[in-house]
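Written below as structure tokens is the structure these notes are about.
The values are calculated or read from the model by the stated rules, or taken from the named source; none is laboratory data. Note that this is a predicted model, so its numbers are computed, not measured. As a convention, Cβ positions derive from the backbone with ideal geometry for all residues, glycine included, and neighbour counts pool all protein chains shown.
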Amino acid sequence: MSKQIIVFGAGKSATCLIDYIIKEAGSNNWLITVADNDLALAKSKIKNQKNASAVSINVENAEERNDLIKTADIVISLLPAALHFLVAQDCVLFEKVLLTASYTDDKIRSLQPAIENKKLLFLCEMGLDPGIDHMSAMQLIHRIKDEGGVITSFTSHCGGLVAPESDDNPWHYKVSWNPRNVVMAGKAGAVYLENKKTKKMDYTALFDATHVTSIPGIGSLACYPNRDSLDYINRYDLSGVETFVRTTLRYPAFCAGWKNIIDLKLTDETIFYETDGMSLHKFFTQHFDETGLASSIQQKEKNNDAFIVQLNWLGRNDDETFINKGSISAMDVLQFALEKKLVLNATDKDMIVMLHEIEYQQSGKKYKVRSNLIVKGDDNLRTAMAKTVGLPLGIAAKLILQGKIKETGLHIPIIPSIYEPVLEELKQYDISFHENTILL
């Protein structure tokens, strides 16, 4: 009997996952169903393949959800993180394996006793960041420890960027993943460990473009702490480490500009505008007038601030692009502007950059290993983001269905039985790391 794979979500990150599963399904007698609220989008991803089907679904409709999940052998959710719990609850109820690329949260963790009791596997954080970062970091950490090394400092950087050959705007950025996540990034602030001291940064302080790191082949990129790094110290079995921080990478101009965006309250979720018939120009003018920030803009213009060029690119003087989304927040309008002005065009390429920096002591000497990954997309559909988020999920799903991953419980990919075979297969898709170790 054919095994059934259900994929919830057909958005930007789903393309390479669906391609991979359809290819594997053909030789393994599997069936795949792609479910999305946009049926045309779901159909476009399966391309009339005989072992694949597309369905329209309102994932918040329990009956529609249940009818699909009941038929599944494995469920993959690429839905917005807030909707994963609905799918997760049903996977527990109907005893199905679940894979996601999103962070585990308290809601998902609340299901852990039931997951373990029913001997299910829920594999979360199985995409890029989180995902490939966990797997590659743990492979390094385990190897260093097995060779007798004692790790004193761990720093991991990751960013989804525009490739240099497609970089043609003053933001040095194009949207290659969920645009909502772009405008929400950093809102919760960050906490990390540096030289044995816990450091906290609030939202307004995160985007300091002076924090930079050098990436081989790329040059200097700005980095800012990502969420709660402390949560991963014990997960990575690095208690006693002096420094532990996970960061997000951006080109320095982006961080400098985004700090201005925050200061100008353009990421505010409490200020609302009636946008029907409103152009981007009218929005920016009204927003700066009503928030009392018009004088700040005037001063930046007087000083020939580079941010004015960035702001103009987002539509500050655009009288032809109308928002027409009813009553929405300033942040919603900003998201609309990013989707319109920082679009990844058909032939554009995005780029994933990841770098681990680990300092350790071994045999009385101090070492530093730098392990980096650079992946470029093929076009605006088969992006580097879609590859690095989707392929780990697809590979894991295949290995589970083939009985090669046998774990049960709630997991992220930090154990060898999961990360070793996935990282090995990723090399076939030119997703591999390059290392350099120096004596300090």
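Figures for the structure shown
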| item | result |
| --- | --- |
| Residue within region 385-395 that is touching a Leu at 6+ places or on another chain (Cβ under 9 Å), outside the structural domain of Ile76 (by TED's automatic domain parsing), among the hydroxyl-bearing types (Ser, Thr, Tyr) and crowded, with 22+ Cβ neighbours inside 10 Å present | yes |
| Among (1) modelled with pLDDT under 95; (2) among the acidic types (Asp, Glu); (3) part of a loop (DSSP other than H, G, I, E, B) - the single one Glu269 does not satisfy | (1) |
| Residues that are of a type in the set (A, V, I, L, M, F, W, C), free of Cβ contacts under 8 Å to residues at least 24 places away in the same chain and more than 21 Å from Phe254 (Cβ to Cβ), drawn from region 281-321 | Ala294 |
| Given (1) within 20 Å of the chain's Cα centre (by Cα); (2) surrounded by 15 or more Cβ atoms within 10 Å (Cβ to Cβ), number of the condition Ala209 does not satisfy | (1) |
| Some residue of region 303-324 being among the charged types (D, E, K, R), under 28 Å from the mean Cα position of the chain (by Cα) and surrounded by fewer than 21 Cβ atoms within 10 Å (Cβ to Cβ) | no |
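Residues checked against (1) buried (at least 19 other Cβ atoms within 10 Å of the Cβ); (2) under 19 Å from the mean Cα position of the chain (by Cα); (3) part of a loop (DSSP other than H, G, I, E, B); (4) in the same structural domain as Gln310 (by TED's automatic domain parsing):
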{"position": "Ala188", "(1), (2), (3), (4)": "no, yes, yes, no"}
{"position": "Thr204", "(1), (2), (3), (4)": "no, no, no, no"}
{"position": "Cys223", "(1), (2), (3), (4)": "yes, yes, no, no"}
{"position": "Gly240", "(1), (2), (3), (4)": "no, no, yes, no"}
{"position": "Tyr273", "(1), (2), (3), (4)": "yes, no, no, yes"}
